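What follows is one structure encoded as structure tokens, with my remarks underneath.
Please treat every number below as a calculation from the coordinates, not as lab data. All of these numbers come straight from a predicted model, not from anything done at the bench. Neighbour counts run over all protein chains shown; Cβ positions are idealised from the backbone, glycine included.
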Amino acid sequence: MTNFTDMLSKAKDLQDKMKEAQEKIKKIEVEGNAGGDLVKVILSGDYEMKSITISEKAKKEDQTIINDLIVAAYNNAKENLKKKSAEEISKLTGGLNLPIDFKLPF
């Protein structure tokens, strides 16, 4: 029965570490850009857009191009956030590759 108790203890520790990682990730802010910095987007760890900067040069472009640059900058920021989140989780879980939304059944 000791193995089962030990396993439950380790699962609880992992759950605590994941909660800690998720809280840290919420505080992360990452930047994404597009068009050689024509558009920059800042995202928080919970994918909330905090700011968007459109350069004067970009503002001279057609609206369709500006829209595409905004989408591309957001997608770049999203990818950067995924990488940064994975790094944080890896640090706190000792290198285990667990998904950000990993939940144990307790």
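Helical runs (DSSP H, four residues minimum) scored at -39500 (n - 2.57) apiece and divided by the length of the chain put the mean residue ellipticity at 222 nm at -19000 deg cm²/dmol. The stretch between THR5 and SER51 holds 11.8 nm of extra length on full extension. This uses 0.36 nm per residue minus the Cα-Cα distance. Taking amide H as placed 1.01 Å from N in the peptide plane, ASP37 has no amide H partner under 5 Å among residues 5 or more places away or on another chain.
Here the residues GLU31, GLU48, ranked from fewest to most Cβ neighbours within 10 Å of their Cβ, fall in the order GLU48, GLU31. Mind pulling the angle between the C-alpha long axis of helix 63-92 and the longest principal axis of the chain? Nearest 10 degrees, somewhere in 0 to 90. So the inclination is approximately 20 degrees.
Can you give me the angle between helix 2-26 and the longest principal axis of the chain, using Cα atoms only, in degrees from 0 to 90, rounded to the nearest 10? In the chain, helix 2-26 runs at an angle near 20 degrees to the longest axis.
Sequence-distant contacts, meaning Cα pairs under 8 Å at least 6 residues apart, place the relative contact order of the chain at 29 percent. In this model, which of LYS60/LYS84; LYS24/LYS83; LYS19/LYS83 are farther than 25 Å apart at the alpha-carbon? Pairs exceeding the cut-off: LYS60/LYS84.
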